[in-house]
Amino acid sequence: MKRLKFVFSVFLLLFFLFIPSKVQAQQFVLTPGTTTISVASILLSYFPDGRLFYLEASPPYLLVEWNAIYSDGLDRSIGSICFVNCPYDPNDPALLEEQCKGLPNCTYIGPPGKRFCVIESNQYNWEYDSINNVTCRLYDPSISQIDFRSPSNTYPNQTFRLISYQVLTSPYLKLRVGDSITLPVRIVYDGIIKAHINISVNSSNPNAVFTSQLSNSTSQLYYGDSDTVYSKVFILNAIPNTKITITTSPFEYSLPPDSIPCTGNQECVKYFGTDAVCDQGRCWRLDSVDIDIKYASLNEIENYQLIFSIIISSVLLFSALKRNKRI
């Protein structure tokens, strides 16, 4: 009996010595360590022309294209939502879609890289030289609060004009009666609607200046493009205050419903400003070039004749003197 008690005592001693060490070991293994979670940021690249977005309009559609990737290079989805003409307040902590709620927009969720979405809307500012804008929020769909912001903590946005261009040519010509020149007219385009520009070059007085166009329209132009057309100008008579008028108008593009037909110049002012004219049911933009035309004056003619006479007389005199020496 004593022996049995001794064996049982030894067993209990070993049990209490062994079990706590095992539990301690298990507790040591299960002790949690420090966990670090890293979140990759979104990088938005500029296009070659220096813009954040490639924009192309064909009302009522506006295509918005961007090039965005994750900083860690992983190929996981990126989300985007873009609004046209949203009065976004960068100081408002609300997300863009909350500030622009109800306004025309487009959305995208898919692979990173060069992607786009299309806004269907006619809510543009068509008035002459007026500015529109697009604002987008690019975000991580798995953590929607993580999005792209500029260093000033604003959403990326870009302004644009639907149809806008400059007409460049010689602002002043000084010619004589009988002269003829080739007059270049250069169009520099910065609109986002692709369009040809029709150009008409005419004289304010056909009895003084005759014009003949070598070409009457540009190639199709888009933002940053330019093209030059040429006209021949012939000076017939010196009549004061003669001007060459250059009228231009886009064509082969989508116009808002109320722009054609026009019945008066005032209807065209919203598209081309105060220099707009309505001609044959189409709005045109008017530019002009001043021409200073002069006759060759009588004194100039007499001077030429005098110089010519002196030269001939000198030659004849020299020949006569040379002949006398030989005699």
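The values are calculated or read from the model by the stated rules, or taken from the named source; none is laboratory data. Since the model is a prediction, treat every value here as computed from it, not as a measurement. With ideal geometry, Cβ positions are generated from the backbone for all residues, glycine too; neighbour counts draw on all protein chains shown.
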Identify, by number, the condition in (1) surrounded by 14 or more Cβ atoms within 10 Å (Cβ to Cβ); (2) modelled with pLDDT of 90 or more that Ser219 doesn't meet. (1)
Filter region 151-196 for residues that are out of contact with any strand residue (DSSP E or B) (no Cβ under 7 Å at 6 or more places or on another chain) and of a type in the set (Ser, Thr, Tyr); which is nearest to Tyr61 (Cα to Cα)? Ser164
Report yes if Cys117 is hydrophobic (A, V, I, L, M, F, W, C), crowded, with 16+ Cβ neighbours inside 10 Å and in a loop (DSSP other than H, G, I, E, B), otherwise no. no
Return yes when Cys262 is under 30 Å from Asp49 (Cβ atoms), buried (at least 16 other Cβ atoms within 10 Å of the Cβ) and at pLDDT below 85 and no when it is not. no
Quick one: would you say Pro141 is at pLDDT below 95 and in the same structural domain as Pro60 (by TED's automatic domain parsing)? yes
Search result, residues across region 143-165 that are touching a Leu at 6+ places or on another chain (Cβ under 7 Å) and part of a loop (DSSP other than H, G, I, E, B): Phe148, Tyr155, Pro156
